[in-house]
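Right, one structure below, let's go through it.
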Amino acid sequence: MNIHYFSGEAWEEPFVRGKLPNDEITFHDGPFSAYADLTDLAAEALCTFIESKITDADMARFPSLKLIATRSTGFDHIDLAAASARGICVANVPFYGENTVAEFAFALLLALSRRVIDADERVREGVFSPKELRGFDLAGKTIGVIGCGHIGMHVIKMANGFGMKVLGFEVHPDPKRAQEGGFTYATMPDLLAQSDIITLHVPYNEHTHHLINADTIKNIKKGAYLINTARGAVVDTSALVGALKDGTLAGAALDVLEEEGDLADEVALLTNPHPNAEELRVTLENHYLIEHPRVIVTPHVAFNTIEAVERIVAATIDNIKNFAAGAPTNVVS
């Protein structure tokens, strides 16, 4: 196949070429979005990552395109309707780091509960004192896990190990899973009302857009903490800011933000002749979150371990091989 590969690290090129020796592969240093003028009449596959949107207009630049292989679980950055209309297969990597993301969610929770970042910053400033750095135990606390899929179940297993009470929510409860996993299903309002910590592990789609919003936040137990390692738009940023301001939430840890792409390229956003008012608002609210003393923000790195990235690349290569062999795998469109 004729493949364009974007956003790869240096080690990926020899690795991928070794696994796909008969394919014509062009590696690009940077994201797909950095190559807005690129066209290729012969390109059959694009291999991309989540930081770049792929629209119908983008697909039109590659008239022979048959496959978009994203090196991610999420695929909301790809216009699936346009891909389907053009007969383009979209494949993702649904399973690569269930434990990886779950471990990071707990890293964020522990950083919040034990004031780890505050303590580190204090020592770096030359003050070696525990004053005003008192945290709280996880043992005995209630954690609400929204989304009890592969990642959510790893979070539940870890929470049980910390001696926490676990509530779970998903659209289609599985009593056997709850019994084997050692947790109790709850309705969304009950989970929010009873949980000391709420952690999100749902995919992003039209059903989960702003799942946490001004209305659902009204149900949250006062003083709770929110962890988001899913997708930024699962949480309404304005509602989150409001909940922090009025004390409904005591803090939050966010590996993802709404409009996080704008944070990476604020100059382009602000100098656009017709800037989107909504994007500007969310970007400003993101800055409020970043500066908030009880909010931890990390740059979408929950997936980012040596082992997980290797699994992602290997699974993507399999998706390309299987598509070429006429037996596509992990197809989302």
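Among the residues of segment 281-333, write down those that are over 24 Å from Asn228 (Cα atoms) and hydroxyl-bearing (Ser, Thr, Tyr).
Hits for segment 281-333 are Thr316, Thr329, Ser333.
Here's the yes/no breakdown for (1) touching a Pro at 6+ places or on another chain (Cβ under 9 Å); (2) modelled with pLDDT of 95 or more; (3) surrounded by fewer than 17 Cβ atoms within 10 Å (Cβ to Cβ); (4) under 23 Å from Ile296 (Cβ atoms):
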site	(1), (2), (3), (4)
Asp120	no, yes, yes, yes
Leu138	no, yes, no, yes
Met158	no, yes, no, yes
Met188	no, yes, yes, no
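Please work out if Thr26 is in contact (Cβ under 8 Å) with a residue 12 or more places away in the chain, in a strand (DSSP E or B) and polar (S, T, N, Q).
yes
Please work out which residue is surrounded by the most Cβ atoms within 10 Å (Cβ to Cβ), limiting yourself to segment 10-30 and to residues that are more than 19 Å from Arg61 (Cα to Cα) and touching a helix residue (DSSP H, G or I) at 6+ places or on another chain (Cβ under 8 Å).
Val16
Just one of the numbered conditions (1) in contact (Cβ under 8 Å) with a residue 40 or more places away in the chain; (2) surrounded by 13 or more Cβ atoms within 10 Å (Cβ to Cβ) is not true of Asp58; which one?
Condition not satisfied by Asp58: (1).
Let's see how each residue does on (1) surrounded by fewer than 13 Cβ atoms within 10 Å (Cβ to Cβ); (2) in contact with a helix residue (DSSP H, G or I) (Cβ under 9 Å, 6 or more places away or on another chain); (3) modelled with pLDDT under 95; (4) outside the structural domain of Arg115 (by TED's automatic domain parsing):
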{"residue": "Gly242", "(1), (2), (3), (4)": "no, yes, no, no"}
{"residue": "Leu254", "(1), (2), (3), (4)": "no, yes, no, no"}
{"residue": "Glu260", "(1), (2), (3), (4)": "no, yes, yes, no"}
{"residue": "His274", "(1), (2), (3), (4)": "yes, no, yes, no"}
{"residue": "Arg281", "(1), (2), (3), (4)": "no, yes, yes, no"}
{"residue": "Glu285", "(1), (2), (3), (4)": "no, yes, yes, no"}
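The values are calculated or read from the model by the stated rules, or taken from the named source; none is laboratory data. Bear in mind that the values here come from a model prediction, so they are computed numbers and not experimental data. Here the Cβ is made from the backbone with ideal geometry for all residues, glycine too, and neighbour counts use every protein chain on show.
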